[in-house]
Amino acid sequence: MFNTKNKTDMQQEKTNGGGATLIGAGTTLKGDISSNSDLRIDGTVLGNIHSAAKIIIGSSGIVEGDITCNQSDIVGKVSGNVRAKELLQLRGECVVTGNLYAGKLQVEPSATFNGQCHMGANIVEMSNNEQQAAIK
């Protein structure tokens, strides 16, 4: 009566990991992060971040490490390379120090970026393959 979802719908929700992960302001996390769902960072992350979905760096967010994702929206500070397979947005008063690899790039006039920019879907995939080859 009150719950219109059946058991199979609930099981799919559990396996999809549909919720977003939040690292709140005042929180410092040391280490690498790997996620299949959206990730919002308003605190500090000292390490690399890999997500198969979207990564949002809030205005109080600080990342010291490389970011690899499908999409990214940066308003805070990032020191490291950013690889976004689709859209990378540098917004507001963001400060990014590092190289950018993006399918598409949107930069607001108030954003600051220091590094090289490489665009196109092939560039992002090629840089990921080069990175994996370097690890092996």
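For segment 59-111, name all the residues that are surrounded by fewer than 20 Cβ atoms within 10 Å (Cβ to Cβ) and among the small types (Gly, Ala, Ser). Passing the criteria: 59, 60, 65, 79, 80, 92, 98, 103, 110, 111.
Looking only at residues in segment 19-35 that are among the β-branched types (Val, Ile, Thr) and closer than 16 Å to residue 46 by Cβ, which one is nearest to the chain's Cα centre (by Cα)? Within segment 19-35, the match that is nearest to the chain's Cα centre (by Cα) is 33.
How about segment 24-52: which of its residues are in contact (Cβ under 8 Å) with a residue 24 or more places away in the chain and either of a type in the set (Val, Ile, Thr) or exposed (fewer than 12 other Cβ atoms within 10 Å of the Cβ) (or both)? If the condition is that a residue be in contact (Cβ under 8 Å) with a residue 24 or more places away in the chain and either of a type in the set (Val, Ile, Thr) or exposed (fewer than 12 other Cβ atoms within 10 Å of the Cβ) (or both), then 41 is the only one that fits.
If we keep just the residues of segment 82-117 that are part of a strand (DSSP E or B) and over 17 Å from the mean Cα position of the chain (by Cα), which is farthest from residue 58 (Cα to Cα)? Here the answer is 114. Evaluate segment 118-136: report whether one residue or more is in contact with a strand residue (DSSP E or B) (Cβ under 8 Å, 6 or more places away or on another chain), farther than 26 Å from residue 19 by Cα, at pLDDT below 95 and among the hydroxyl-bearing types (Ser, Thr, Tyr). Checked segment 118-136: at least one residue is in contact with a strand residue (DSSP E or B) (Cβ under 8 Å, 6 or more places away or on another chain), farther than 26 Å from residue 19 by Cα, at pLDDT below 95 and among the hydroxyl-bearing types (Ser, Thr, Tyr).
The values are calculated or read from the model by the stated rules, or taken from the named source; none is laboratory data. None of the values given here were measured: they were computed from a predicted structure. Neighbour counts are summed over all protein chains in view; Cβ atoms, including those assigned to glycine, are modelled from backbone coordinates with ideal geometry.
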